[in-house]
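For reference, the structure is listed below as structure tokens.
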Amino acid sequence: MENFWTTLLYAFISMFIIFNYGMVLGGVVYKIIARVHGRFGPPVWQPYINLVKVMGVRTAISHGIMFWLGPVFRFTGGIGLFLFMPVLFGVPWMQNFSFSGDLLLVIYFIFFGQLGMALGAAESGHPYSPMGIMRGLSQVTASEVPFALAVIALAAQHGTLSITEIVAAQQGGIANWNIVTNPVATLAGMMAFLGMMMHAPFNLHIAPQEIPIGPPTEYQSNFLSYMQANRAFFASAKLILFMNLFFGGATNIPVLVGKTFSLYMITVFIGVVNPRFTLENSIRWFIRIPTVTGIIAVLIYTF
Amino acid sequence: MTMIGEENKNEKKNFDTELFCDAVPKEVPRINGIIQKFYDWAQANSLWILAFGTGCGSIEMRPLYTARYDISRFGMAPRPTPRQSNLFIISGYASVKTLKRIVRSYEQMQNPKFVMGLGSCTVNGGMYWDSYNTINRLDHYIPVDTYVAGCMPRPEALIAGFEDLKKRIKEGRAEGANEYAKNFEWYKANQKKVIKDWDMPDYNW
Amino acid sequence: MEEMIERIKLKFNAKDINRQKATLVFFSVEKKDLEACVLYMKEFEGYSNLTMISATDWIETGTFGLTYHLHNYKNRTDVGIKTYIDRKNPSMVSINTLWAGARVFERELKEMFGIDFPGCPRVDDPFALEGWDNLPPMRKDFDTVKYSEETYFPRPGRSTKDNVTQMEEKLYAVEAEVKKGIAKTVRKNK
């Protein structure tokens with residue numbers, strides 16, 4: 001990091017790119033889900049219209065300071081996850097604020113937004129919000145277990161906690177990717193990935209058909225616009241994280257788009273053809289196969 | 001943007017008033033110029049329906065979400081909470097008991113909010129015009145932007161109604177929320193005339 | 001079925017036996033005998049299902065007619081046990097101890113007709129008419145059109161487009177006119 005301000009400028013540029021990528025990706029996913037249902041679906045730019053619409057709402061209701069801060073924390077979680085991660089390997093202006101040991105911080109940031117949201121939504125006083133929080137936190141915690149195990153296995157394999165170094169070790173062809181060199185950890189990680197991307201069968205906490213829409217039941221107007229923007233950041237940031245960890249990272253934008261899009265499609269396609277798990281089912285599922293796989297992955301590098 | 005709830009800030013708080021405030025609604029003027037036009041366009045193209053079926057007409061709304069009629073083409077989607085939705089479809093007859101819930105839900109929606117009366121029952125009572133328990137004219141209780149007449153209107157008629165509503169929104173004539181704030185006393189008097197056991201705050205959001 | 005009717009006649013002095021179908025019979029008993037009759041039908045004749053309790057307002061004779069519809073699952077027969085209660089002070093013994101489902105019907109009769117069922121749980125809670133302060137609306141002397149016009153802001157200019165009358169006026173104009181005239185005279189002389 002030669003100059004802090006240059007890095008900051010570059011970070012803003014990459015944030016802008018990734019925000020738009022996340023928004024368009026959301027629109028494309030809506031379209032794909034609709035096509036699977038046999039519908040036409042909304043236009044690809046619909047997330048932008050929704051964002052403008054919620055920003056244009058003239059009144060808003062606050063329930064207190066934590067209610068204000070909930071979406072802000074959520075947004076911070078999304079941006080923080082993105083900012084401490086190298087986006088493109090070997091491209092200086094897309095390195096963001098990555099440093100050695102950033103892997104731990106990134107895992108923390110995945111959870112951070114959920115916790116902030118929990119505090120905010122709980123202050124709204126709506127009985128559905130705490131129920132949604134309970135479900136969401138339980139599920140994220142359950143999916144975090146195999147993910148943490150997979151990350152530990154990767155750290156043991158490469159002897160580092162820096163995402164940049166993990167990506168660097170995977171350069172030079174598919175044979176070096178972690179999906180080939182460490183398939184057990186990749187399997188555990190990808191199963192956790194299903195739980196993190198908020199698509200069926202693991203979207204109980206945000207599904208409108210269940211307890212209405214979960215934690216954001218009371219959120220409206222600009223609070224909601226934070227969440228929609230965050231959804232774009234968070235989704236693409238998680239995709240980039242998994243791409244970096246298991247699929248060799250990317251060195252230019254077309255490769256990044258190709259890899260993250262294919263990764264997202266895994267969850268989307270599993271989501272559209274599968275029914276929704278209840279909370280009990282999903283937690284049991286996470287602590288059985290994925291967790292056992294993760295433990296095996298760790299054990300391989302322990303002995 | 002106007003923050004509601006600031007009025008209660010300096011008052012002595014108890015548990016209830018932290019969660020709601022019964023200050024009467026205020027008119028929020030339109031911004032002049034191109035920004036308002038842009039917002040209107042976005043509102044018209046992203047109508048979120050409050051999924052609250054009040055009468056038999058809600059059965060006509062279900063096909064709208066399916067592959068045959070698919071209103072998601074127009075960016076419309078059902079939304080389970082009144083906080084986030086901006087289109088309220090009163091689907092068919094509204095009994096007095098339902099009207100109470102309608103008023104509560106309507107007041108919980110945020111300022112640019114649109115109401116569509118579906119079916120003849122919302123226009124003049126329809127086949128329930130002489131009933132002891134269903135209201136006749138919806139527009140005496142909450143401001144209505146568009147009516148879709150018929151008993152029952154087909155989903156095609158509803159889509160035509162949505163187009164009509166969009167036109168109104170883009171022209172800036174769909175100002176139901178401000179109208180409600182302006183004629184608040186009149187609406188409240190009408191509501192209280194019908195809802196005999198009024199056990200909620202005057203404005204409950 | 002025949003033997004059952006004979007037994008009922010003997011035991012509860014059932015009157016007005018109206019055998020409508022092979023599987024459906026109506027009869028009326030005294031108000032004081034009703035609970036015993038219903039219990040007997042449930043326990044000994046196998047009418048284990050309470051289909052519904054309905055009421056009719058006989059304003060001319062000053063009574064409410066209550067009909068308890070029971071169904072027998074074994075031989076697929078129905079009975080309707082009628083009883084008449086005073087209209088001025090309507091009160092009936094509750095059968096919610098025999099069928100828990102009777103609570104729903106009794107609550108509704110209390111709400112719509114004002115018939116009291118002492119001892120029925122939550123009988124005073126309304127289903128649809130929250131805060132109703134008028135006559136019970138299903139009574140004959142409650143004028144629902146007048147109430148609706150006074151309360152619910154009727155929209156002026158309402159006209160009916162009934163298919164039958166409209167086509168009659170279009171196709172058989174003279175006959176429709178004559179029919180209308182006859183109806184008017186009849187109404188005047190009534």
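Read-outs throughout are calculated quantities, based only on the coordinates presented, and are distinct from any laboratory measurement. Keep in mind it's a predicted model, so treat the numbers as computed, not measured. Heads up, the Cβs are rebuilt from the backbone with ideal geometry, glycines too, and the neighbour counts pull from every protein chain shown.
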With a ≥ b ≥ c from the Cα gyration tensor eigenvalues, square-rooted, and the rule rounded for a/c under 1.5, otherwise prolate when a/b > b/c and oblate otherwise, the protein assembly as shown is prolate
The alpha-carbon center of segment B:94-121 and that of segment A:54-114 are separated, in whole Å, by 38
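How high is the relative contact order of segment C:2-158? Use alpha-carbon pairs under 8 Å, at least six apart in sequence, and give a whole percent.
Values: 232 pairs, mean separation 25.1, N = 157.
Reported relative contact order: 16 percent.
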Inter-part gap, Cα centre of segment C:37-91 to Cα centre of segment A:229-303, in whole angstrom, is 65
If one builds a Gaussian network model of chain B from Cα atoms under 10 Å apart, the most fluctuating residue listed among B:Glu175, B:Glu107, B:Glu27 is B:Glu27
Computed over chain A, the relative contact order (Cα-Cα under 8 Å, seq sep at least six) in percent reads 26
Using alpha carbon centers only, segment C:137-190 is separated from segment B:38-80 by a whole-angstrom value of 38
So A:Ile174 and A:Glu280, fully extended at 0.36 nm per residue minus their Cα-Cα distance, gain in nm 34.4 nm
Restricting to lysines and to Cα separations under 26 Å from C:Lys11, and discarding same-chain partners fewer than 8 apart, the set is C:Lys21, C:Lys31, C:Lys32, C:Lys42, C:Lys74, C:Lys82
Taking a crude spin-label model, label points 7 Å out from Cα along the C-beta direction, the C:Ala183 to A:Val255 distance in nm is 8.6
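Please identify every one of the chymotrypsin sites (Phe, Trp or Tyr not before Pro) in segment C:110-181 that sits in a loop by DSSP and has no more than 13 other beta carbons within 10 Å of its own beta carbon. Let's see the in-between values first.
Numbers: sites: C:Phe113, C:Phe127, C:Trp132, C:Phe142, C:Tyr147, C:Tyr152, C:Tyr172; in loops: C:Phe127, C:Trp132, C:Phe142, C:Tyr152, C:Tyr172.
Taking segment C:110-181 and a limit of 13 other Cβ atoms within 10 Å, the loop chymotrypsin sites (Phe, Trp or Tyr not before Pro) found are C:Phe127, C:Tyr172.
If you take every residue apart from B:Asp145 with its C-beta less than 14 Å away from the C-beta of B:Asp145, what net charge results, scoring Lys and Arg +1 and Asp and Glu -1? Walk me through the numbers on the way to the answer.
Details: positive: B:Lys113, B:Lys166, B:Lys167, B:Arg168, B:Lys170, B:Arg173; negative: B:Asp40, B:Asp139, B:Glu163, B:Asp164, B:Glu171, B:Glu175, B:Glu179.
In short, -1.
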In whole Å, largest first, the alpha carbons of segment B:117-205 cover along the principal axes 39, 33, 18
Counting sequence-distant residues (5 or more places) and residues on other chains, those with an amide H built under 5 Å from that of C:Leu24 are C:Asp78
Computed for chain C: size of charge dipole around the Cα centre, +1 on C-beta of each Lys and Arg, -1 on C-beta of each Asp and Glu, debye to nearest 20, value 540
Scoring only Lys, Arg, Asp and Glu (+1, +1, -1, -1) among other residues with Cβ under 15 Å from the Cβ of C:Ile5 yields +1
Listing C:Ser159, C:Ser48, A:Ser162 by rising number of other beta-carbon atoms within 10 angstrom, fewest first, gives C:Ser159, C:Ser48, A:Ser162
Once normalised by the length of chain B, the mean sequence separation of its alpha carbon contacts under 8 Å that are 6 or more apart gives a contact order in percent of 24
With a ≥ b ≥ c from the Cα gyration tensor eigenvalues, square-rooted, and the rule rounded for a/c under 1.5, otherwise prolate when a/b > b/c and oblate otherwise, segment C:2-158 is prolate
Checked against a 22 Å limit on the C-alpha separation, the offending pairs among B:Lys113/B:Lys167; B:Lys26/B:Lys188; A:Lys31/B:Lys167; B:Lys166/B:Lys188; C:Lys146/C:Lys180 are A:Lys31/B:Lys167; B:Lys166/B:Lys188; C:Lys146/C:Lys180
Ordered by fewest other Cβ atoms within 10 Å, a rough proxy for footprinting exposure, B:Lys97, C:Lys146 read C:Lys146, B:Lys97
In nm, the gap between the two label points placed 7 Å beyond Cα toward Cβ at A:Phe16 and B:Asn32 is 3.2
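In deg cm²/dmol and to the nearest 500, what is the mean residue ellipticity at 222 nm of the protein assembly as shown if only DSSP H runs of at least 4 residues count, each as -39500 (n - 2.57), divided by the residue total? Provide the component values of the computation, followed by the final result.
Numbers: 24 runs with 349 residues, N = 698.
Estimated from H runs of four or more residues: -16500 deg cm²/dmol.
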Sorted by chain and then number, the residues having a modelled amide H within less than 5 Å of the amide H of B:Val115, at least 5 places away or on another chain, are B:Phe88, B:Asp145, B:Thr146
So, over other residues within a Cβ distance under 15 Å of A:Ile213, counting Lys, Arg +1 and Asp, Glu -1, the net charge is +4
Expected sort for C:His69, A:His205, A:His37 with the fewest Cβ neighbours (10 Å cutoff) up front is A:His37, C:His69, A:His205
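Could you tell me which of rounded, prolate or oblate describes segment A:208-303, using a ≥ b ≥ c as the square roots of the eigenvalues of the alpha-carbon gyration tensor, with rounded for a/c under 1.5 and, failing that, prolate when a/b is larger than b/c and oblate otherwise? Each step should come with its number before you reach the end.
Values: a/c = 2.10, a/b = 1.20, b/c = 1.75.
Oblate is the answer for segment A:208-303, as a/c is 1.5 or above yet b/c matches or exceeds a/b.
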Residue-ordered couplings for segment B:143-148, obtained by feeding phi - 60° into the Karplus form 6.51 cos²θ - 1.76 cosθ + 1.60 and rounding to whole Hz (Gly and Pro as x), are x, 10, 8, 9, 10, 10
